[in-house]
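Undergrad: Next up is a structure, given as C-alpha cells.
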Amino acid sequence: MYCSSCGEGIKQGVIFCTRCGTRANGVTDHAVGKLSESSFNTLVGGMMGIPIAGLGIMIGLIAVMKETGFSKGLMIVFTALSFLLLVAAEAVFIWLLLHNRARTVQEGGDQAQLKKVETKELGEAKVWELAQPMTSVTENTTRAFEPIPRESKI
C-alpha cells in the first residue's frame, strides 16, 4: 500500500504515513477501535476462565460456610447471588464478542472500498542536467595586490 499524498510505501495496518503524517487511505476510525488478536484471545480466555474460577470459589466458600455453621437459607442466597454475578459477567463477555464480530463484518465493506481507492503513484524520476561549468569563479573578482599606504600615528 502506498501513501496517497507522498507515494511512500506503507505497511499494512499502519494508520498514518511515516514520511508525511497523512492518514492512510481507507483507514477509518472503526479500524482504530478494532479489537486486536491478543485482546480477542484475552476476551475468549476470560469467557472460559472466569466461570470456572468463579464456580470453584463458590464451592469453596459454600464448604467453608457449611463448616462454620451458616444456615441453609443464607447459603442458598449467597449461591444465587454469586451465580447471578457470574451470569452477568458472561453476558458482558458475550456482548463484547458479538459487538466486535459485528464491527468486523461491517469493515468487510471497508476492505472492498480500500481495494477501489487509487493512490498517487510516483512517475519516472526527472533527470536534472547540470549547466555548463563557468570558466572561473574568480575571473571577474581578481585584482592586483598592491600595497596600501598607511599613515603613521606618531
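The values are calculated or read from the model by the stated rules, or taken from the named source; none is laboratory data. Just so you know, these numbers come straight off a predicted model, no measurement behind them. Cβ sites come from the backbone with ideal geometry, for glycine too, and all protein chains shown count toward neighbours.
Undergrad: What number of residues in segment 1-34 are of a type in the set (Val, Ile, Thr) and at pLDDT 75 or above?
TA: 5
Undergrad: While we're looking at this one, here's another question. Could you tell me how many of the residues in segment 48-103 are of a type in the set (Ser, Thr, Tyr) and in a loop (DSSP other than H, G, I, E, B)?
TA: The number of residues fulfilling the criteria is 1.
Undergrad: Right, Glu37: modelled with pLDDT of 85 or more, of a type in the set (Asp, Glu), out of contact with any helix residue (DSSP H, G or I) (no Cβ under 6 Å at 6 or more places or on another chain) and exposed (fewer than 12 other Cβ atoms within 10 Å of the Cβ) or not?
TA: no
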